[in-house]
Amino acid sequence: MCDGAMTRQTYWRAAGPWLVLASAGYLLVNVLRVFVDQDGFARYFGLPLQDGDSGWVYVYASRTALLAVVALILLARRELRLLSIYAACTVLGPISDAILVAHNHGAVGTVIRHIATGLLLLLIAGLLARQQRRTA
């Protein structure tokens, strides 16, 4: 956990923690969407369900829930350094999603959205690293 150098007020003054919170919220909304409308979520993701094979969306939901919970725990503990590394590592998810959707002839806009998500995660990682350096 952070030392006394970073108060709650200065922690939340920077964009990084807010972006982590928003990203975790977005992930949790996607988890709920899977359980409410598997077909709709699969189309949104870029891989429409075929022949009732909805298993992959539940795997996605469980993976996504874990990613969101870990991010929220690190956020609550104000672990900027670990959050920065975590955000950088999670870029693999949306980039592999983009490749998977492109490989399956998904819409270009959907592929771009996955790539943009990966770029956003890199931005978040950089913002968190900068905040950590400034408050260390």
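Take the conditions (1) in a helix (DSSP H, G or I); (2) out of contact with any Pro (no Cβ under 6 Å at 6 or more places or on another chain); His105 misses just one of them, which is (1). What are the residues in the range 68-98 that are among the aliphatic types (A, V, I, L, M) and not in a helix (DSSP H, G or I), if any? Matches in the range 68-98: Val91 only.
Condition check ((1) in a loop (DSSP other than H, G, I, E, B); (2) charged (D, E, K, R); (3) over 24 Å from Pro17 (Cβ atoms)) across all residues:
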residue	(1), (2), (3)
Phe35	no, no, yes
Pro48	yes, no, yes
Asp53	yes, yes, yes
Leu66	no, no, no
Leu100	no, no, yes
Leu123	no, no, no
Arg130	no, yes, no
Arg133	no, yes, no
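Counting only residues that are of a type in the set (A, V, I, L, M) and over 30 Å from Thr10 (Cβ atoms), the range 92-136 holds 12 of them.
The residues of the range 51-80 that are under 26 Å from Arg133 (Cβ atoms), surrounded by fewer than 16 Cβ atoms within 10 Å (Cβ to Cβ) and charged (D, E, K, R) amount to a single one, Arg77.
Readers should treat all values here as calculations from the given coordinates under stated rules, not as data from a laboratory. Just so we're clear, the structure is a prediction, and the values are computed from it rather than from any experiment. Backbone-built Cβ (ideal geometry, glycine too); neighbour counts: all protein chains shown.
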